[in-house]
Every structure is written in C-alpha cells, then in structure tokens.
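Novice: My questions will all concern the structure given below.
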Amino acid sequence: MSIHIAAKLGEIAPTVLMPGDPLRAQYIANKYLKDAICYNQVRGMLGYTGTYKGKTISIQGSGMGIPSCSIYVNELITAYKVQRIVRVGSCGSLQTDVKIRDIIVAQSASTDSSLNERAFHGKSFAPAASFELLLRTYKKAEELKTKVRVGGVISTDIFYDEPDFWKIWSNYGVLAIEMEAAAIYTLAAKHRIDALAILTVSDHLVTHEACTAEEREKTFDQMLELALETVITF
C-alpha cells in the first residue's frame, strides 16, 4: 500500500493503462477486463486489475495535470514495481490535418511545466516514448488497420491559457496538446521503465470542434483496443 493507492503488493499488474479520468478507468475495466477487481478508491481515483485475453492488466486513473499524474506514476513504479505505463487519454489538435477522433501516438512530449527545469537545474530534457513500445503500437495499428499519427505533443500546465498560446507549438509541428505525457515519459526514463501515450483527439484548437464529456469517457474504444492489443504482446 502506498499513500494514494490502497492496493497490496501483487494486486497491480506490471503493465498499467493510465487514463486521466477515473470513470474512464472504470469504463475500460468493465468493458474489456475479465474478472476485474477494484483495488483503489482513495480520493476517488479508481484502479482495477483483471485479464484481457489471458494477460493480467491494470487500469489506473491519474487525474488531470502533471502534479496529479506524477503522484500515481511515482507510486506505481516505486511501491508496485510497474514496468510499463501506457497513457490512454484525450488531446486537443493543433494541426488542421489532425481531425477530431484521430489517434495520436506521442513520440515525444514537450512541456511548459517547470517539472524538468527544476529536475535538471535549468537545463532542458527531451521526454520521449519508449521506442520498443512505440514500435509495437505502430505495428499493431497497421495489423488492425487503425490509422494513427506519430509525432510530438505538448503537455501543458494550464488548461485555460491566453488566446493563441498554442500557435508557437503548432508552428513547430507539434500535433496536439494534453496535460500528462511529459511527466510519464520523464519518470519512466528516470526509473528505466517503458512508457507511451496514445491519445484520441477530443478538441480542435484550430476549428473549435469538440467532443462531449460523455463521449470522452465512453467512446474512444479504437484507441483503447489498440493499447490493449499492444500490451498483451509483451
């Protein structure tokens, strides 16, 4: 048991899918996992372990933003010996050719957070996905005939920022904006585990299209199936 996760050692699988929304964790567990057990309800941040096609998988909510996400990632790694974390979440497109409901596999995650500036004493660290996990995901997407975009995202600390703040990232080819991947990639690098973010576009900062809250929670199944089919290959 850790401070924020009530599971006993052994109740969390080596592979964890991590949505931001705890209700999405519940949705994934109920729809995809066999014999799912809820191991965590502390602060409402639901966590489940079950099996998918015979492979034991855990699903753990992270909350929104780098501070919340970092708590759960740290505890999953240090207290529960998790070896693989795949963020499954939503993002906002920064490019006209990246459409609502497109799936993005985040190769890298820039950030406007001070997380790495503090850790590296003002120097710059480039948070990146684990290559083997990214490669397997891309190959699985081809096998499933699931179209994905691979590229960089930006993990921001501020949801309601100033108008047009995103354009500098868009100008440099960043595909989308979200709030957690940079922390996951950084902590994975520190602790020598594998990490990847697979994201579905729920909002569009250029066209101003958006999915509803219910759609975000319950309709991103193609992304979830890609993540699950990938992690059972390990």
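Just so you know, all these numbers are worked out from the coordinates, no wet-lab data involved. What you see is a predicted model; the values in this text were computed from it and never measured. Glycine also receives a Cβ, built like all others from the backbone with ideal geometry; neighbour counts cover every protein chain displayed.
Novice: Does residue 17 qualify as being touching a Phe, Trp or Tyr at 6+ places or on another chain (Cβ under 8 Å) and touching a residue at least 60 places away in the same chain (Cβ under 8 Å)?
Specialist: no
Novice: Restricting the stretch 182-234 to residues that are over 12 Å from residue 84 (Cβ atoms) and among the aromatic types (Phe, Trp, Tyr), which is surrounded by the fewest Cβ atoms within 10 Å (Cβ to Cβ)?
Specialist: Only one residue fits best here, namely 220.
Novice: Would you point out which residue out of 41, 60, 26 is surrounded by fewer than 20 Cβ atoms within 10 Å (Cβ to Cβ), of a type outside the set (Phe, Trp, Tyr) and under 27 Å from residue 177 (Cα atoms)?
Specialist: 26
Novice: Of all residues being part of a loop (DSSP other than H, G, I, E, B) and of a type in the set (A, V, I, L, M, F, W, C) in the stretch 2-19, which is farthest from residue 48 (Cα to Cα)? Just the residue, please.
Specialist: Selected residue: 3.
Novice: If you take just the helices (runs of 4 or more DSSP H) that sit entirely in the stretch 65-149, which of them hold at least 2 residues that are among the small types (Gly, Ala, Ser)?
Specialist: Because the criterion is at least 2 residues that are among the small types (Gly, Ala, Ser), the helices (runs of 4 or more DSSP H) in the stretch 65-149 that meet it are 66-80.
Novice: Look at residue 168 and say whether it is closer than 22 Å to residue 208 by Cβ and either touching a residue at least 24 places away in the same chain (Cβ under 8 Å) or crowded, with 20+ Cβ neighbours inside 10 Å (or both).
Specialist: Considered against the rule, which asks whether it is closer than 22 Å to residue 208 by Cβ and either touching a residue at least 24 places away in the same chain (Cβ under 8 Å) or crowded, with 20+ Cβ neighbours inside 10 Å (or both), residue 168 comes out as no.
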